[in-house]
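I have placed the structure first, in the form of structure tokens, so that the comments after it can refer back to it.
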Amino acid sequence: MKKLVRRRINKHLLLLKAHRYIGLGSFFVLVWLSISGLLLNHTEILKLDKRFSHNSLLLTLYNIPEPQFSKAVKLNQSWLVAIDNKLYLNKLNLPLSHYNLPFLGAVLKQDLLLIALQHDLLMFTLQGEYIDAIHIDANIKKLGLDSNQQLVLNTDQGCLISNEILTNFSACPALSTIDWAQLDQIPNALKQQLSLIYQESIISLERIILDAHSGRIVGALGVYFMDAMAILIIILAISGVIIWLLRKVKKRRSHFHLKKKYR
Amino acid sequence: MKRLLIFSHIVLFSFFLSLLQAEEIYISQENYLKKAFAQDILPKPSVIWIKSDIKKTVTEILGHPYHQLRLKYWEKAGKTVWILNEIGKEKYITTGITINTQAQIEDVTVLAFRESRGWEVKHDFFTQQFINIMKQNDTQLNQQIDGITGATLSVNALKAQTRMALYLHEKTRTSSH
């Protein structure tokens with residue numbers, strides 16, 4: 001009987017010890033998971049998806065590749081450059097979230113910047129403010145201006161000319177002389193500057209926190225480490241409940257014995 | 001335990017249902033315009049620039065500047081139709097608003113809803129509240145709009161869109177007359 005009680009006490013103590021050491025061991029991870037979870041739950045309010053890391057160490061850790069400069073157009077003193085799926089007016093990233101590249105060219109019409117994508121014509125101010133977009137039901141090949149400074153699109157369904165306020169397109173009149181937009185070579189200095197800007201606009205704080213939350217930030221080992229931690233936290237929770245139940249049972253028993261004794 | 005299981009299943013089911021609700025296009029812009037003008041041949045779009053005073057008022061109405069500087073609208077015999085985009089919580093809600101010659105709202109229809117919650121605003125029981133509503137002097141609506149529990153941000157977005165459409169309709173009248 002004594003042996004059985006001692007064995008039970010030993011098991012209880014072992015469980016208590018294990019619970020304690022797992023609790024201490026997973027303390028920092030648990031705190032980090034809670035903090036990062038809280039941050040990720042409020043990504044929009046904290047604008048974590050719109051803030052980007054400029055830390056060179058992190059960029060190296062993520063192994064950000066060199067940007068692919070596809071096309072560029074020189075517009076007076078400004079440069080419009082397409083890098084991967086982004087468009088930069090000088091160093092400003094133009095908001096293109098609803099539209100799909102490829103970028104086919106751009107022209108200046110008075111104080112308007114007109115950009116041709118495959119199915120859309122986008123209008124921006126020279127300061128990069130978004131004005132409007134016109135969807136074209138044809139594949140745009142290139143754009144240009146005619147002798148009257150009217151916008152002309154060369155599409156797979158023929159040549160289209162816009163009205164004055166750029167809301168409608170009709171077939172081009174015959175024999176119109178068109179100055180088609182040309183693509184240019186990007187100067188090396190601008191290329192280097194844009195490479196840096198582009199690389200610094202890829203890894204959002206949300207991505208970093210999410211990867212740190214899952215352990216992925218340090219590769220596969222980090223994920224396994226977080227898996228192990230998750231298992232330990234499950235054990236911690238279960239052992240906590242078992243200890244609580246054992247104590248409750250023990251309390252009831254002693255209460256029952258006391259009652260019996262004094263009855 | 002049984003109740004807990006039923007509750008967890010309901011929560012999971014609602015979660016998947018809310019995912020299914022995301023990014024729905026109910027009616028195309030072209031079809032809405034055809035419905036609004038009750039004809040197949042549509043009037044050519046006109047444009048209004050959201051600049052200076054207009055930009056200031058629109059910013060006051062929405063609580064932020066409109067995402068584009070130029071807006072297309074369609075007009076025929078004093079009736080105007082506006083297709084506006086406004087963010088509910090995170091994504092744009094595209095709404096068609098028709099305003100009649102008396103500057104009253106004739107129709108409000110949600111054309112596309114991209115949020116995962118608050119899609120109840122697309123229903124007629126909500127949008128019909130806007131019919132015959134006019135603008136007060138301070139760009140507010142002249143009648144109260146009842147909200148929907150759990151769709152406050154979408155309701156606010158639709159209210160802001162209707163206020164903006166009524167204001168812009170008035171602007172097009174004053175500039176053309």
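The values are calculated or read from the model by the stated rules, or taken from the named source; none is laboratory data. Just so it is clear, the structure is predicted and the values come from calculations on it, not from any experiment. Cβ: placed from backbone, ideal geometry, glycine included. Neighbour counts: every protein chain shown.
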Can you go through A:Asn63, A:Asn10 and tell me which one is polar (S, T, N, Q) and in a loop (DSSP other than H, G, I, E, B)? A:Asn63
Answer yes or no: is there a residue in region A:117-135 that is surrounded by 17 or more Cβ atoms within 10 Å (Cβ to Cβ), charged (D, E, K, R) and modelled with pLDDT of 90 or more. yes
Strands (runs of 3 or more DSSP E) within region B:17-87 that include 1 or more residues farther than 28 Å from A:Leu113 by Cβ: B:70-76, B:79-87
Of all residues in region A:147-183 being within 16 Å of A:Leu113 (Cα to Cα) and part of a strand (DSSP E or B), the one that is nearest to the other protein chains (Cβ to nearest Cβ): A:Ser162
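Yes or no, residue by residue, for (1) within 14 Å of another protein chain (Cβ to nearest Cβ); (2) modelled with pLDDT of 85 or more; (3) over 30 Å from A:Ser204 (Cβ atoms):
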| site | (1), (2), (3) |
| --- | --- |
| A:Arg6 | no, no, yes |
| A:His12 | no, no, yes |
| A:Gly25 | no, yes, yes |
| A:Trp32 | no, yes, no |
| A:Ile35 | no, yes, no |
| A:Leu46 | yes, yes, no |
Verdict on A:Ile234 being within 36 Å of the chain's Cα centre (by Cα), at pLDDT 90 or above and within 30 Å of A:Ile9 (Cα to Cα): yes
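Residue-by-condition table, conditions (1) within 14 Å of chain A (Cβ to nearest Cβ); (2) buried (at least 17 other Cβ atoms within 10 Å of the Cβ); (3) of a type in the set (Ser, Thr, Tyr):
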{"site": "B:Gly63", "(1), (2), (3)": "no, no, no"}
{"site": "B:Glu86", "(1), (2), (3)": "no, yes, no"}
{"site": "B:Thr98", "(1), (2), (3)": "no, yes, yes"}
{"site": "B:Ala103", "(1), (2), (3)": "no, no, no"}
{"site": "B:Glu106", "(1), (2), (3)": "no, yes, no"}
{"site": "B:Thr109", "(1), (2), (3)": "no, yes, yes"}
State which residue is surrounded by the fewest Cβ atoms within 10 Å (Cβ to Cβ) when the search covers only region B:65-84 and only residues that are farther than 24 Å from B:Ser28 by Cβ and facing chain A (nearest Cβ under 10 Å). B:Pro65
What number goes with the only condition from (1) farther than 20 Å from A:His213 by Cα; (2) touching a residue at least 60 places away in the same chain (Cβ under 8 Å); (3) not assigned by TED's automatic domain parsing to the domain that holds A:Leu232 that A:Ser56 does not pass? (2)
Quick one: B:Ser116 ticks every box in (1) more than 21 Å from B:Asn100 (Cβ to Cβ); (2) assigned to a helix (DSSP H, G or I); (3) not hydrophobic (A, V, I, L, M, F, W, C) except a single one, so which number is it? (2)
With respect to A:Leu113, is the statement that it is touching a residue at least 24 places away in the same chain (Cβ under 8 Å), assigned to a strand (DSSP E or B) and within 14 Å of chain B (Cβ to nearest Cβ) true? yes
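Considering only region A:116-142, how many residues are farther than 28 Å from B:Lys55 by Cβ and not in a loop (DSSP other than H, G, I, E, B)?
Of region A:116-142, the ones farther than 28 Å from B:Lys55 by Cβ are A:118-119, A:137-142.
Among the residues that remain, those that are also not in a loop (DSSP other than H, G, I, E, B) are: A:140-142.
Summing the residues that are farther than 28 Å from B:Lys55 by Cβ and not in a loop (DSSP other than H, G, I, E, B) in region A:116-142 gives 3.
Would you mind stating whether A:Ser56 is away from chain B (no Cβ under 14 Å), over 20 Å from A:Ile131 (Cβ atoms) and among the hydroxyl-bearing types (Ser, Thr, Tyr)? Break it down into steps so the answer makes sense when it comes.
On the way: away from chain B (no Cβ under 14 Å): yes; over 20 Å from A:Ile131 (Cβ atoms): yes; among the hydroxyl-bearing types (Ser, Thr, Tyr): yes.
Yes: the conditions hold for A:Ser56.
Any idea which of B:Lys56, B:Lys76 is over 16 Å from B:Val110 (Cα atoms) and free of Cβ contacts under 8 Å to residues at least 24 places away in the same chain? Walk me through how you get there before you give the answer.
Numbers: B:Lys76 fails: free of Cβ contacts under 8 Å to residues at least 24 places away in the same chain.
Sole residue among the options that is over 16 Å from B:Val110 (Cα atoms) and free of Cβ contacts under 8 Å to residues at least 24 places away in the same chain: B:Lys56.
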